[in-house]
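The values are calculated or read from the model by the stated rules, or taken from the named source; none is laboratory data. Computed from a predicted structure; not experimentally measured. Neighbour counts run over all protein chains shown; Cβ positions are idealised from the backbone, glycine included. SASA here: full protein model, heavy atoms, side chains in, ligands and nucleic acids out. Shrake-Rupley method; radii C 1.70, N 1.55, O 1.52, S 1.80 Å.
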Amino acid sequence: MQLGLIGLGKMGGNMRERLRRAGHEVVGYDRNPEVSDVKSLAAMVKALDAPRVVWVMVPHGKPTRDTVAKLADLLDKGDLVIDGGNSRFTDDIEHDKMLRAKGIGYVDCGVSGGIWGLDNGYGLMVGGTKANVKKAMPIFDALRPEGPREESFVHAGETGAGHYVKMVHNGIEYGLMHAYAEGYELLMKKDIVKDVPGSFKAWSRGTVVRSWLLDLMAKALEENPGLDDVADYASDSGEGRWTVEEAIELAVPMPVISASLFARFASRQEVSPAMQAVSALRGQFGGHQVMTVDEAKELRAEAAAGPKTPDEARAKVERKEGPSARKPSKQAAKKAAAEGREAAEAGPSSGSGSTPRKGKGAAAAGPTSGSGATDE
């Protein structure tokens with residue numbers, strides 16, 4: 001079967017090679033002339049016999065939208081476009097609408113397998129009409145791993161369903177990766193554990209947490225047991241965000257995937273404004289000493305070495321923020337006491353209830369917010 005393939009990067013180039021090994025004729029186009037089979041998109045279309053099948057494998061968003069728009073002008077009625085990138089499912093609906101108006105078919109295909117797909121094959125999740133999916137099935141069968149089709153391929157549903165399933169797949173991937181990462185950090189911290197890479201490798205057979213991601217983690221630790229010079233800055237490609245957005249839209253509780261996404265956001269901060277605010281608030285309401293940035297760096301350096309016991313960790317913090325760390329002046333103490341008395345006499349900071357000066361405990365004092373009463 002003939003196929004036009006646009007985008008010959010790490011995945012696209014390997015897909016071209018896998019398809020050729022399976023006996024298919026692939027005409028590839030890439031902006032990089034060193035890897036491209038033809039000089040232009042128009043030349044690629046011209047090299048294909050009608051009815052044509054063209055696979056788009058470029059970055060999601062504007063690059064994909066622009067490529068599909070160009071193909072809409074170059075292709076003919078009866079041709080088929082497959083978007084195999086990581087497009088958002090809502091883009092698929094627009095692409096299908098634009099191409100259908102010209103009699104051109106459209107299939108969205110989520111592809112998983114990364115750089116290993118050349119030899120191992122790719123997991124495929126597609127959306128579109130049965131007729132269009134059937135037209136491209138020889139290509140799908142060549143790309144997926146050997147074995148039962150249903151174990152590596154699914155026609156998930158209507159247009160957009162393929163990329164939607166792939167989006168959720170990537171969200172799950174975020175959660176799995178972070179669970180392994182948290183386990184790694186805990187094992188590295190514990191002094192009685194001497195072989196962390198070996199522990200991960202031992203999980204690769206017979207355990208309930210075995211997976212390909214675990215195999216890759218074990219491989220990474222074999223190559224670099226302490227992950228030396230590996231940045232703790234973690235990027236995200238978009239699918240995790242879209243998964244969480246869909247969870248909010250459909251009211252689906254998703255604490256694990258959400259937390260793993262937010263952890264990546266946190267990894268990009270040298271200083272957390274949120275935690276600065278928490279420290280400042282602890283100082284305001286509890287009288288805790290607010291550490292300076294340099295003092296926090298010192299504690300982090302000590303924490304990296306790992307305290308021998310929880311008590312030792314708490315003692316280190318208390319040395320920095322305990323009452324003896326830096327006692328406030330008498331003038332500051334008098335001012336704080338006066339402000340406290342004024343606040344107590346003023347009553348609640350919100351709501352319509354009043355705070356009487358007599359009574360026992362919170363029940364006698366009334367609610368601190370809202371207009372209802374607090375019963376004993």
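The single condition from (1) out of contact with any strand residue (DSSP E or B) (no Cβ under 8 Å at 6 or more places or on another chain); (2) surrounded by fewer than 20 Cβ atoms within 10 Å (Cβ to Cβ); (3) of a type outside the set (D, E); (4) modelled with pLDDT of 95 or more that Y174 fails is (2). Within the stretch 16-45, the residues that satisfy the criterion of being over 20 Å from I139 (Cβ atoms) and over 34 Å from the mean Cα position of the chain (by Cα) are K39, S40, A42, A43. Set side by side, the residues L261, L250 differ, and just one is within 30 Å of G162 (Cα to Cα), touching a residue at least 12 places away in the same chain (Cβ under 8 Å) and not hydroxyl-bearing (S, T, Y), which is L261. Inspection of the stretch 234-251 finds no residue satisfying the criterion of being outside any helix (DSSP H, G or I), over 20 Å from the mean Cα position of the chain (by Cα) and not aromatic (F, W, Y). The sole residue among V165, V193, V154 that is of a type in the set (A, V, I, L, M), touching a strand residue (DSSP E or B) at 6+ places or on another chain (Cβ under 8 Å) and either part of a helix (DSSP H, G or I) or surrounded by fewer than 17 Cβ atoms within 10 Å (Cβ to Cβ) (or both) is V165.
Report, by residue number, each residue of the stretch 121-151 that is buried (at least 23 other Cβ atoms within 10 Å of the Cβ) and of a type in the set (F, W, Y). The answer is Y122, and nothing else.
The single condition among (1) surrounded by fewer than 20 Cβ atoms within 10 Å (Cβ to Cβ); (2) touching a Leu at 6+ places or on another chain (Cβ under 6 Å) that G9 does not satisfy is (2). Just one of the listed residues (A266, A218) is out of contact with any Phe, Trp or Tyr (no Cβ under 7 Å at 6 or more places or on another chain) and among the small types (G, A, S), namely A266.
Residues that are open to solvent by less than 50 Å² (accessible area, probe 1.4 Å) and assigned to a helix (DSSP H, G or I) within the stretch 67-104 comprise T67, V68, A69, L71, A72, F89, D91, D92, H95, D96, L99, listed in sequence order. Can you report the number of residues in the stretch 14-34 which are touching a strand residue (DSSP E or B) at 6+ places or on another chain (Cβ under 8 Å) and in a helix (DSSP H, G or I)? So the answer is 4. Residues of the stretch 229-266 being surrounded by fewer than 12 Cβ atoms within 10 Å (Cβ to Cβ), at pLDDT 95 or above and under 16 Å from A181 (Cβ atoms), which ones? If the condition is that a residue be surrounded by fewer than 12 Cβ atoms within 10 Å (Cβ to Cβ), at pLDDT 95 or above and under 16 Å from A181 (Cβ atoms), then no residue fits. Among residues of the stretch 267-279 being in a helix (DSSP H, G or I) and of a type in the set (S, T, N, Q), the one that is surrounded by the most Cβ atoms within 10 Å (Cβ to Cβ) is S279. Reported count of residues in the stretch 39-51, each being open to solvent by 30 Å² or more (accessible area, probe 1.4 Å) and in a loop (DSSP other than H, G, I, E, B), is 5. Annotation note: Cβ proximity below 6 Å between a residue of the stretch 179-193 that is among the aromatic types (F, W, Y) and a residue that is modelled with pLDDT of 95 or more and surrounded by 14 or more Cβ atoms within 10 Å (Cβ to Cβ) (sequence gap 6+ or interchain) occurs for Y180/M217.
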